[in-house]
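To start, the structure itself, in structure tokens.
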Amino acid sequence: MKKLIFFLTFLSAVSAVQAQEINWMSMNEALEAQKKEPRKIFVDAYTTWCGPCKLLDKNTFGNKDVANYINKHYYAVKFNAEGNEVVKYNDKVFKNPNYQADKKGRNSVHEFALAMGVNAYPTMVFFDEKGKFLSPLKGYLTPQKLEIFLKVFASNDYKNVTTEEDWKAYQENFESKFSG
């Protein structure tokens, strides 16, 4: 009986941890999912050698508030900006023709990364419910610093923030709810 109780406790703990992970998918999968259920897309453009990308995964994407919010409001895409995935976007096919599978460290930049304006790692990119590009966000951000961007796009408030003064006012009135 003790073993059964331990096993059930262990399973519920594992389930709780898994519930806090971001449900990553490919860009092609996210674009397909949008056709059935429109939702914005959040892309994490990373590389395998990027230290800040690994910190973003651990500290920010590993945060339960961030994971739960992204899973609820976005299709989350994990995109290796130097990988060899083929992406079909806006009737175009994006590849990485100079990708070298056996190369360690830096590789050539993927065409889709360039199309999204990725020129630093990590870069997070937002797309609307129809797959239209909204904005890139460069660099490592803590959960609290990423929160305002996740919420300004998810809520469509970005449509009303058209000037630097609007953005300043938005930031001043924003109340962070994510834990550290």
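A few notes on this one:
- Any chance SER135 is open to solvent by less than 40 Å² (accessible area, probe 1.4 Å), among the polar types (S, T, N, Q) and part of a strand (DSSP E or B): yes
- Filter result for LYS159 (free of Cβ contacts under 8 Å to residues at least 24 places away in the same chain, open to solvent by 40 Å² or more (accessible area, probe 1.4 Å) and not small (Gly, Ala, Ser)): yes
- Pick from the stretch 94-121, criterion among the charged types (D, E, K, R) and more than 18 Å from PRO136 (Cβ to Cβ), ranking: surrounded by the most Cβ atoms within 10 Å (Cβ to Cβ): LYS95
- Tally, over the stretch 94-135, of residues that are under 18 Å from ASP57 (Cα atoms) and either among the hydroxyl-bearing types (Ser, Thr, Tyr) or free of Cβ contacts under 8 Å to residues at least 60 places away in the same chain (or both): 3
- For THR48, the criteria (1) β-branched (Val, Ile, Thr); (2) more than 20 Å from TYR158 (Cβ to Cβ); (3) open to solvent by less than 10 Å² (accessible area, probe 1.4 Å) hold in every case but one, which is (3).
- Taking (1) within 16 Å of LYS138 (Cβ to Cβ); (2) among the charged types (D, E, K, R); (3) open to solvent by 10 Å² or more (accessible area, probe 1.4 Å) in turn, ASP91 satisfies each apart from (1).
The values are calculated or read from the model by the stated rules, or taken from the named source; none is laboratory data. Worth saying up front: this structure is predicted, and the values here are computed from it rather than measured. When we count neighbours, we look across all protein chains shown, and the Cβ atoms used for this are built from the backbone with ideal geometry, even at glycine. When the accessible area is computed, the model is the full protein with side chains, heavy atoms only, and any ligands, DNA or RNA have been set aside. Shrake-Rupley method; radii C 1.70, N 1.55, O 1.52, S 1.80 Å.
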